[in-house]
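What follows draws every value from the coordinates through simple rules; no lab data is involved. What you see is a predicted model, and the numbers here were worked out from it, not measured in a lab. Virtual Cβ from ideal backbone geometry, glycine too; neighbours counted across all protein chains shown.
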């Protein structure tokens with residue numbers, strides 16, 4: 001059985017933040033990469049915003065690596081990197 005994630009096709013109220021992240025993506029393509037922290041309370045749209053950014057990065061020819069943190073990883077510092 002395949003599970004499918006439901007996601008609203010519209011990005012609501014995040015146009016400015018997405019534009020900022022896309023600007024960082026352009027800088028990275030020009031060799032001026034940075035580290036960006038996306039933080040916020042549960043349900044504010046972090047995953048949805050990053051889905052849009054990942055799509056923009058892939059269509060621009062970037063390769064992506066993704067690490068995830070889970071509640072059970074709280075004892076493992078830097079869990080997504082190890």
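Would the chain count as rounded, prolate or oblate if I go by the C-alpha gyration tensor, calling it rounded below 1.5 in a/c and otherwise prolate when a/b exceeds b/c, oblate otherwise?
Numbers: a/c = 1.56, a/b = 1.17, b/c = 1.34.
Oblate shape, in that a/c is at least 1.5 and b/c is the bigger or equal ratio.
Per-residue counts of other Cβ atoms within 10 Å, averaged by peptide: what ranking do you get for 45-56, 25-36, 64-75, highest first? Intermediate results must be reported in sequence, preceding the final value.
Values: 45-56: 15.0, 25-36: 10.4, 64-75: 8.2.
The peptides rank, most packed first, as 45-56, 25-36, 64-75.
So, in nm, how far is label residue 46 from label residue 15 when the simple model puts each one 7 Å beyond its Cα toward the Cβ?
It is 2.6 nm.
222 nm [θ] for the chain, helices only, -39500 (n - 2.57) per DSSP H run of 4+, per residue, to 500? It would help to have the intermediate numbers written out before the result.
Details: 2 runs with 29 residues, N = 82.
Result for the chain: -11500 deg cm²/dmol, rounded to the nearest 500.
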